[in-house]
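One structure is given below, encoded as structure tokens.
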Amino acid sequence: MKHFIALFTFILLCLFITDTFSAIDSSKKSGAWSDPTVWRLGRIPNLSDDVIILKTDTITVTQNYLAQCNDLRVNGTASNRIIFDSAGVLEIYGTLNSDTTAPGLSIINNFTGKNSKTVFKRQTNGPIIGSNWWAGTPYIRMEINLPSGVTVTSSTDIKALSIHIVSGTWDLQNHDLRPDSLNNFNNSGNLYIDNGAMIKGVKHIFRVASGGSGQYANKCGTLTVAGTLETDSTIAFNIINMKPTGLLRTNSPTNLFAGTPTTVDFSSASAKGNIVEYYRNGDQSIWPSVTYSGLKISGSGTKTIGTTSNITVNDSLIFGNGSAVIGTGTLNRGASMWVVYGATSAQSSSTELLASTPRIKINNAAGVNITKTVSITSELWLQLGNLTAATSPVSIQSNAIITRTKGTLSSTNITVPTSITLVYNNTDSISTGNELSGNTLTKLVMNSSSVVALTKNLSVTGVCSLAQGRFRLGSNTFTLENTGSIFSNGGFIDGPLKMNVDTKGTKLFPVGTSSGYLPAKLTIDSLIGSDYITVTPNAGPHSFVVFGDSTIKRYWNFNEGLGITYLSTSVDLTYLDNDLYSGSNENSLIVGKLDNLTWTIPTISSRNTGKNTITLANINSFSDFVIGKNIPAFIGYPTGKIQGKKFNDYD
């Protein structure tokens, strides 16, 4: 008997859990979704429940109400099985389907409720619309909002009042997408793809005439692409709005658009940065008489503008995977247009390069070979892969820019002058290469989040801008000439920085080590002569101190050339938190200066413990500077003297 009672209790518990958390529920009468008496289980369905709406019932999602379910099956061929009041929302976490292949025209009717919507929120890969749905249900206002990385599918043509995909990927598996509206109004029905979202596997996007011939008749309303739209054939919209993050990929063999849109915005300020890609393996027609921000050519065959047509590309002409070339027609190049090589297999240049080409970007790990004589007049960006010129000379013009990320440059047939701007924006550690053709450079810009290792001695004659990153010298020298200037926003020279000084004023030495940024600054009040001043930060402790653990783990070497016969300057020294030994009192630190094997104690005019800086006043010569806790750190304990002063004077 006890076993029977236990078993009976277990069954009741299971029924309770199933009924409470996840079940198959169906309507038993018409009414509000929020009314428990509408449902056979006697409770409101939750997002784990599979729900069936019977063909005899009409369920209302009331004003501002959020209805939720997992799978939803709406039965019957009649309309208005689910209707909405204003701002009502239905969230479907599974698959929408029907028991018939021809559900009613308005079987789900968002038109009845202003700002209402049906939201698909499936959490895993799988179908959001089943095979029994069809394209004859235009009254649904769709939103697709998926977790990142989730791909959902549908296996029929889809028709809706409007469609908005917020996140995730929707694969239509070679079916049509028909943003539409009531009464088949021309130019109605909008499609919006958010940044990071993707719709792919689309055959056509268009409206069909009333009665539905299955072929293009009229245009939809507005297409807005901030994410990715990938289509296999023509699309028909009245207004096309690309956003900066948008990618529109077309596999259509003929026109991109069916019918001529009233507005095509590929290039305005609100669209700049987007890409339209023609990727078919075979010939394609490029939509003419418009201005592209980014135009990408991939696949194979000839991409033809048209013998009497033209296009303008303002920002990027990109060549992706494949052997595709641009055919007949006029290509107008924007003043700032890049020619970009971005395939994953080796590429060679073709007719896209002019004898004088302003900007070229190499973004191909397999490498790019330029096959004609070319002068690069403005900028070469070595983003990824090696640039070669096996048969014809390529020259970089004076005052041009070379930017290196991870790419490299062959030395054969490629001429690089020293009068250029060299920019490093690498994210991985790299070494200088053939982009640095000599030992002088007009301008250096460090915008690296990693390390650039110098492989030869270098003098900069113009601006040296160290925004970020570490320029490691190794055994090489780095010199800033008196015609140059130097700035830092955290980037630094790792090694001795040699600066030609011929005027008074503030001189920043943005130096550091592998430990971090350790800038030094001189404020020169008086100067006779001119020569180089070199500043080198070093890991401590200094070999000439007696008690190394009473100094910080850092010291600096300053050196001036013989051409400077007199100077008076203040010196700012910067240290790191990790340079301090445990228990150090920053407010009582002193500085030792090593002159002819004798320590002196310069005057500290100020200190900033928040910024880890100490300022020394009235320095008239240079040598090694060490920060310590007290005089015994430098001379030992207890009877040593420093330049005639007793230890107790500095106790």
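The values are calculated or read from the model by the stated rules, or taken from the named source; none is laboratory data. This is a predicted model, so every value here is computed, not measured. In this analysis, Cβ positions are derived from the backbone assuming ideal geometry, glycine residues included, and neighbour counts consider all displayed protein chains. When the accessible area is computed, the model is the full protein with side chains, heavy atoms only, and any ligands, DNA or RNA have been set aside. Shrake-Rupley method; radii C 1.70, N 1.55, O 1.52, S 1.80 Å.
Starting from residues that are of a type in the set (D, E, K, R) and touching a strand residue (DSSP E or B) at 6+ places or on another chain (Cβ under 8 Å), keep the ones in segment 516-571 and report whichever is farthest from Thr503 (Cα to Cα). Among residues in segment 516-571 that are of a type in the set (D, E, K, R) and touching a strand residue (DSSP E or B) at 6+ places or on another chain (Cβ under 8 Å), the one farthest from Thr503 (Cα to Cα) is Lys553.
Every residue, every condition in (1) hydrophobic (A, V, I, L, M, F, W, C); (2) farther than 27 Å from Gly367 by Cβ, yes or no:
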| site | (1), (2) |
| --- | --- |
| Gly306 | no, yes |
| Asp315 | no, no |
| Phe319 | yes, no |
| Gly322 | no, no |
| Leu331 | yes, no |
| Ser336 | no, no |
| Thr344 | no, no |
| Ser350 | no, no |
| Ala355 | yes, no |
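Strands (runs of 3 or more DSSP E) fully within segment 387-429 that include at least 1 residues being touching a Phe, Trp or Tyr at 6+ places or on another chain (Cβ under 6 Å) and not polar (S, T, N, Q): 401-404. In segment 536-563, of all residues being aliphatic (A, V, I, L, M) and in contact with a Phe, Trp or Tyr (Cβ under 9 Å, 6 or more places away or on another chain), the one that is nearest to Leu473 (Cα to Cα) corresponds to Ala539. Can Thr483 be described as more than 18 Å from Ser515 (Cα to Cα), of a type outside the set (D, E, K, R) and assigned to a strand (DSSP E or B)? Considered against the rule, which asks whether it is more than 18 Å from Ser515 (Cα to Cα), of a type outside the set (D, E, K, R) and assigned to a strand (DSSP E or B), Thr483 comes out as no. Against the definition (under 18 Å from Ile430 (Cβ atoms) and either of a type in the set (Val, Ile, Thr) or in contact with a Lys or Arg (Cβ under 6 Å, 6 or more places away or on another chain) (or both)), how does Val501 come out, yes or no? Spelling it out, it is not the case that Val501 is under 18 Å from Ile430 (Cβ atoms) and either of a type in the set (Val, Ile, Thr) or in contact with a Lys or Arg (Cβ under 6 Å, 6 or more places away or on another chain) (or both). Taking the listed residues Gly540, Gly491, the one that is crowded, with 17+ Cβ neighbours inside 10 Å, under 28 Å from Ser621 (Cβ atoms) and not charged (D, E, K, R) is Gly540, with no other qualifying. With respect to Leu480, is the statement that it is crowded, with 22+ Cβ neighbours inside 10 Å, in contact with a Pro (Cβ under 6 Å, 6 or more places away or on another chain) and either among the charged types (D, E, K, R) or closer than 15 Å to Val511 by Cβ (or both) true? Against the criterion (crowded, with 22+ Cβ neighbours inside 10 Å, in contact with a Pro (Cβ under 6 Å, 6 or more places away or on another chain) and either among the charged types (D, E, K, R) or closer than 15 Å to Val511 by Cβ (or both)), Leu480 does not qualify.
So how many residues does segment 227-276 have that are open to solvent by less than 10 Å² (accessible area, probe 1.4 Å) and not polar (S, T, N, Q)? Going through segment 227-276 one residue at a time, the tally reaches 14.
Here Val545 clears all of (1) touching a Ser or Thr at 6+ places or on another chain (Cβ under 9 Å); (2) assigned to a strand (DSSP E or B) except the condition numbered (2).
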